[in-house]
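To keep things clear, I will list the structure first and then write my remarks on it.
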Amino acid sequence: MDPADVRQRLKELMVTELNLEGKEPADIDDAAPLFGAGLGLDSLDALQLAMSVEEKFGVRVPEGDEAKSIFASVNALAEHIVRAKAAA
Amino acid sequence: MRIWVTGIGVVSPLGRGAGVTMDRLLAGDRAFGELSLFDLPDLRTRLAAEVRGLSAAEVAPEGDAEAWSRTDAMSVLAVREALAQAGVAPSLWPIDLIVGGTTAGMYETEDLLAELSRDADAIKPLRAMLTHPLSSTADHVRAAVGPFRRVRSVCSACSSGANALLLGAAWIRAGVSRCVVAGGADGLCRLTYTGFGALSAVDPNPCRPFDKRRAGLNLGEGAAFLVLEPEEASRARGVTRPIAELVGWGVGAEAHHITNPEREGRTAARVMQAALAKARLTPADIDHVNAHGTATPLNDSMEAAAIRACFGPEAERVLVSSVKGQIGHTLGAAGAIEAAVSVMTIARGEVPPTIGLEEVDPACPLAHATRATKADVRAVMSNSFGFGGTDTALVFAAPDVFPAPEAPARRSVVVVSAATIGPLGVLGARENDAYLTPGPAPAPGPIHFQAAEHLDVGRARRLDRAGRLSAVAIQRALRDANLDPLDPSIGVEVGAILGAAFGSVDGSTAFMRRIYEKGVKFASPADFPNLVPSSPVGHASIYLGLRGPVFAVADLGVTAECAVVTAADLIAVGEGEVLAAGSVEEASPMIERCLGPVCSGEARGVRSEGASAILLEAEEHAKARGIRPIAHLPWWTSWRGEGEGALDGAPMPPKRAAILTGQEDLPPGLRLPEVWAAVPHRAVAPRSGVHEGAGGFAMAAALAAIARGELDAALVVGHAPERGYALLLTAERSPDEPGSS
């Protein structure tokens with residue numbers, strides 16, 4: 001899987017699944033933190049995003065501490081997806 | 001005036017009956033077992049605390065079980081038990097009924113909804129849908145147990161049962177009830193089971209409230225009802241001693257987040273303090289806290305912080321426990337079951353344990369009762385917190401231990417603003433008489449609504465359509481009253497009571513379909529909290545910063561009238577200074593072609609949709625703010641049945657008066673008093689369209705006509721099958737104030 005393509009699809013998914021109305025995928029900074037100060041997402045968004053990533057990419061996002069580094073940014077989440085796909 | 005608890009009824013996963021439930025709680029029994037009610041592939045756990053061996057057929061009239069729910073059955077059994085213990089019957093004594101809940105007949109209808117939705121042409125009226133509306137539980141209790149006088153259905157998610165009791169207490173203090181049976185009931189269903197699973201809020205093992213290793217809640221089900229009476233009325237019928245007294249209560253909203261509580265428990269502490277203040281007690285008077293204690297990581301640390309903030313050094317002494325380690329979280333029933341347990345804790349002098357708590361979380365440093373503990377319990381505080389941050393605390397005390405509180409003076413209620421969003425757009429306090437002017441009927445179906453024109457959609461991204469319509473209506477009503485809930489100088493917390501006849505039908509249907517079509521693990525965590533009936537008002541409270549009482553009511557086609565009357569009841573006795581009240585109804589094929597015809601009857605006219613918010617305020621508070629009200633609310637009433645004679649107490653109409661209704665017809669069985677019979681009748685339905693919330697538009701139209709000086713008074717009358725409401729809005733103070741209920 002092409003990481004740039006995954007990042008793009010991921011951002012499109014975020015806009016629709018998290019109802020980021022008024023935002024375009026291009027507005028989301030690949031390196032910015034998803035939670036707290038960055039995009040301002042929270043734990044409920046994390047659950048929704050994990051569910052939709054599994055639905056659209058067929059990749060499970062682990063829960064708990066492991067999830068923290070994966071949800072660090074679009075880059076980190078895309079990396080997790082690419083890695084999981086390659087290992088499958 | 002003392003409020004006596006004279007009867008308790010409980011159906012819990014530990015048994016049928018209050019006594020057996022308490023025996024087993026004290027014995028430390030846990031009710032968790034393998035889920036037997038339904039099977040869904042790929043559930044992460046099948047643990048639940050079910051009420052075994054119970055079916056709707058036990059209480060339904062012969063041959064009609066398909067239209068009754070398990071929630072109905074639990075409610076009927078618990079209400080019967082409570083009334084039997086109190087020695088009262090609705091056929092012989094004026095008894096009011098308040099039912100708190102969230103799911104009603106969801107278990108019986110969720111499959112059907114998903115099935116019907118697969119083919120839009122197949123949507124048709126089905127008798128089984130009679131059990132879907134939140135109000136169906138109260139209706140069925142009334143059908144099975146007897147002719148309760150005043151009836152309400154309330155929802156504030158997991159504090160619903162507690163708020164039912166709070167409303168009952170308010171009625172008694174207002175002097176309008178001689179006896180109230182109030183409580184809550186919720187049956188397990190696929191929707192809540194998979195929804196809490198999607199939120200990762202469920203521990204696959206028996207839960208551990210306040211424990212360091214706690215990993216979430218377990219779901220349970222049940223019902224509990226308490227009989228509340230003013231001491232004088234109870235003595236008058238021969239009762240000499242109550243089981244306990246309901247002495248204090250506090251309610252407020254966090255305006256923080258739809259699923260996550262405030263970390264520091266600020267609002268929870270505030271309502272606990274308010275409950276103590278209402279009871280005129282101090283932390284030193286309380287011997288036990290029956291905690292909400294769900295065993296989710298966030299709730300328990302928040303609640304511990306709140307208890308410590310409220311109790312101060314007394315937190316080292318006051319025993320705290322949660323029954324959820326034994327019966328799970330029973331959602332809308334929890335606040336009522338825990339109230340019943342609190343009463344029995346006082347009566348028996350024994351505090352139930354927190355089972356599952358082995359190693360106390362350092363973030364929850366409280367005096368935990370890990371085993372049943374005999375104690376002289378003078379007073380118990382029972383906490384309940386719901387989705388949307390709806391927090392309620394109740395305080396029960398042993399009979400005659402504390403001085404009798406004085407009943408508050410009844411206060412006058414005024415209306416300071418009103419707004420709607422409907423076929424004519426967003427209309428404010430002086431504009432809604434547009435719905436009374438001749439013009440074309442609205443286009444059928446959904447109204448034009450661009451959220452971005454009215455709301456900051458970034459902040460409103462979690463609000464579904466019903467939440468957005470509600471927020472827009474309340475926001476406009478507040479704006480027209482020049483009231484900013486976030487402005488600390490107004491000195492009070494603004495609240496909201498807003499309902500929907502059928503709740504989030506399309507949302508629930510979509511949620512269930514996703515589960516059937518994609519699997520349980522694709523249940524949407526973000527959508528689930530929007531399916532509870534109090535979600536629209538909860539979301540609106542978060543968006544607008546409403547921190548007063550926040551809950552939903554449901555009463556079929558008179559939900560808006562029910563909300564306004566309930567708000568007036570609360571303000572009149574000091575349970576709120578400023579409350580927005582109304583309803584939100586969405587156009588939906590499922591409502592139009594299935595639920596509506598079955599539950600509300602055939603609708604004539606064009607079906608539309610919309611939301612209304614009527615802003616009520618205590619007259620003294622409005623005066624202090626220097627606000628000139630639009631109208632006084634000198635009189636209001638409600639009825640069950642045909643309404644024969646219901647309006648007999650209505651004050652005389654002034655010269656320029658009108659009778660206003662949502663729907664085109666006045667109730668067929670209603671007899672207008674002679675003085676009102678000649679008053680012109682006008683309806684908003686031809687312009688607003690027909691829907692269950694049309695009464696809210698009638699009230700807003702009446703207020704605008706009064707504001708513009710076109711009317712001096714309007715008697716707004718709303719009716720639906722077997723029920724109705726009426727309220728009088730006047731431009732000038734009526735001599736008959738204060739009103740009755």
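So is residue B:409 surrounded by fewer than 24 Cβ atoms within 10 Å (Cβ to Cβ) and without any contact (Cβ under 8 Å) to a residue 12 or more places away in the chain or not?
When the stated conditions are applied, residue B:409 passes them.
Name the strands (runs of 3 or more DSSP E) wholly within region B:634-725 that hold at least 1 residues that are of a type in the set (Phe, Trp, Tyr)?
Once the strands (runs of 3 or more DSSP E) in region B:634-725 are filtered for at least 1 residues that are of a type in the set (Phe, Trp, Tyr), nothing remains.
Return the residue satisfying two criteria in turn: it lies in region B:44-59 and is of a type outside the set (A, V, I, L, M, F, W, C) and touching a residue at least 60 places away in the same chain (Cβ under 8 Å), and of such residues it is farthest from residue B:194 (Cα to Cα).
B:50
State whether the residues of region B:170-179 include one that is under 30 Å from residue A:51 (Cβ atoms), more than 14 Å from every other protein chain (Cβ to nearest Cβ) and in contact (Cβ under 8 Å) with a residue 24 or more places away in the chain.
Within region B:170-179 (the criterion being under 30 Å from residue A:51 (Cβ atoms), more than 14 Å from every other protein chain (Cβ to nearest Cβ) and in contact (Cβ under 8 Å) with a residue 24 or more places away in the chain), the answer is no, since none of the residues qualifies.
Residue under question is residue A:57, and the condition is that it be within 27 Å of residue B:213 (Cα to Cα), more than 12 Å from every other protein chain (Cβ to nearest Cβ) and in contact (Cβ under 8 Å) with a residue 24 or more places away in the chain; does it hold?
no
So which of B:495, B:503, B:507 ends up being assigned to a loop (DSSP other than H, G, I, E, B) and of a type outside the set (A, V, I, L, M, F, W, C)?
B:503
Restricting attention to region A:1-43, which residues are among the acidic types (Asp, Glu) and either crowded, with 18+ Cβ neighbours inside 10 Å or in contact with a Ser or Thr (Cβ under 6 Å, 6 or more places away or on another chain) (or both)?
Within region A:1-43, A:17 is the sole residue that qualifies.
With (1) surrounded by fewer than 24 Cβ atoms within 10 Å (Cβ to Cβ); (2) within 14 Å of chain A (Cβ to nearest Cβ) as the list, and residue B:92 as the residue in question, which single condition is left unmet?
So residue B:92 meets the others, but not (2).
In this structure, is residue A:69 polar (S, T, N, Q), touching a residue at least 40 places away in the same chain (Cβ under 8 Å) and more than 10 Å from every other protein chain (Cβ to nearest Cβ)?
In short, no.
Looking only at region B:2-43, which residues are closer than 20 Å to residue B:187 by Cα and either basic (Lys, Arg) or free of Cβ contacts under 8 Å to residues at least 40 places away in the same chain (or both)?
Selection gives B:15, B:16, B:20, B:30, B:33, B:34, B:36, B:39.
Out of region B:267-287, which residues are under 22 Å from the mean Cα position of the chain (by Cα) and either farther than 24 Å from residue B:369 by Cα or among the charged types (D, E, K, R) (or both)?
If the condition is that a residue be under 22 Å from the mean Cα position of the chain (by Cα) and either farther than 24 Å from residue B:369 by Cα or among the charged types (D, E, K, R) (or both), then B:267, B:270, B:274, B:278 are the ones that fit.
Hey, among B:494, B:472, B:457, which residue is within 14 Å of chain A (Cβ to nearest Cβ) and hydrophobic (A, V, I, L, M, F, W, C)?
Exactly one of B:494, B:472, B:457 is within 14 Å of chain A (Cβ to nearest Cβ) and hydrophobic (A, V, I, L, M, F, W, C), namely B:457.
Report yes if some residue within region B:311-320 is within 11 Å of residue B:382 (Cβ to Cβ) and either hydroxyl-bearing (Ser, Thr, Tyr) or assigned by TED's automatic domain parsing to the domain that holds residue B:25 (or both); otherwise report no.
no
Within region B:447-496, which residues are surrounded by fewer than 14 Cβ atoms within 10 Å (Cβ to Cβ) and not charged (D, E, K, R)?
Those that are surrounded by fewer than 14 Cβ atoms within 10 Å (Cβ to Cβ) and not charged (D, E, K, R): B:448, B:450, B:452, B:458, B:482, B:486, B:488, B:489, B:491.
Is at least one residue of region B:196-210 in a strand (DSSP E or B) and more than 14 Å from chain A (Cβ to nearest Cβ)?
no
If you scan region B:106-137, which residues turn out to be buried (at least 19 other Cβ atoms within 10 Å of the Cβ) and free of Cβ contacts under 8 Å to residues at least 60 places away in the same chain?
Hits for region B:106-137 are B:108, B:109.
State the number of residues belonging to region B:699-723 that are under 20 Å from residue B:552 (Cβ atoms) and either in contact with a His (Cβ under 7 Å, 6 or more places away or on another chain) or not charged (D, E, K, R) (or both).
Within region B:699-723, residues that are under 20 Å from residue B:552 (Cβ atoms) and either in contact with a His (Cβ under 7 Å, 6 or more places away or on another chain) or not charged (D, E, K, R) (or both) number 4.
Considering only region A:1-27, state which residues are farther than 28 Å from residue B:262 by Cα and either in contact (Cβ under 8 Å) with a residue 24 or more places away in the chain or within 14 Å of chain B (Cβ to nearest Cβ) (or both).
Correct list: A:1, A:3, A:6, A:7, A:9, A:10, A:11, A:13, A:24, A:27.
Read through the list (1) under 30 Å from residue B:175 (Cα atoms); (2) within 14 Å of chain A (Cβ to nearest Cβ), then give the number of the only condition that residue B:520 fails.
Answer for residue B:520: the failing condition is (1).
Working carefully through the options B:126, B:83, B:134, B:130, find the one that is over 20 Å from residue B:185 (Cα atoms) and not assigned by TED's automatic domain parsing to the domain that holds residue B:498.
Just one listed residue meets the conditions, B:126.
Could you go through region B:223-235 and let me know if any residue there is at pLDDT 95 or above, within 14 Å of chain A (Cβ to nearest Cβ) and out of contact with any helix residue (DSSP H, G or I) (no Cβ under 9 Å at 6 or more places or on another chain).
Looking through region B:223-235, none of the residues is at pLDDT 95 or above, within 14 Å of chain A (Cβ to nearest Cβ) and out of contact with any helix residue (DSSP H, G or I) (no Cβ under 9 Å at 6 or more places or on another chain).
Just need a number here: residues in region B:239-260 that are more than 14 Å from chain A (Cβ to nearest Cβ) and assigned to a loop (DSSP other than H, G, I, E, B).
Number satisfying all stated conditions: 7.
Say we look at region B:564-618 and pick out the residues that are in contact with a Phe, Trp or Tyr (Cβ under 9 Å, 6 or more places away or on another chain) and in a strand (DSSP E or B); which of these is surrounded by the fewest Cβ atoms within 10 Å (Cβ to Cβ)?
B:585
Does region B:498-507 contain any residue that is touching a residue at least 12 places away in the same chain (Cβ under 8 Å) and within 14 Å of chain A (Cβ to nearest Cβ)?
Taking every residue of region B:498-507 in turn, at least one turns out to be touching a residue at least 12 places away in the same chain (Cβ under 8 Å) and within 14 Å of chain A (Cβ to nearest Cβ).
Being surrounded by fewer than 24 Cβ atoms within 10 Å (Cβ to Cβ) and within 29 Å of residue B:690 (Cα to Cα) is the filter; apply it to region B:540-563 and report the residue that is nearest to the other protein chains (Cβ to nearest Cβ).
Of everything passing the filter in region B:540-563, B:543 is nearest to the other protein chains (Cβ to nearest Cβ).
The values are calculated or read from the model by the stated rules, or taken from the named source; none is laboratory data. Remember, it's a predicted structure, so these values are computed and weren't measured experimentally. Glycine also receives a Cβ, built like all others from the backbone with ideal geometry; neighbour counts cover every protein chain displayed.
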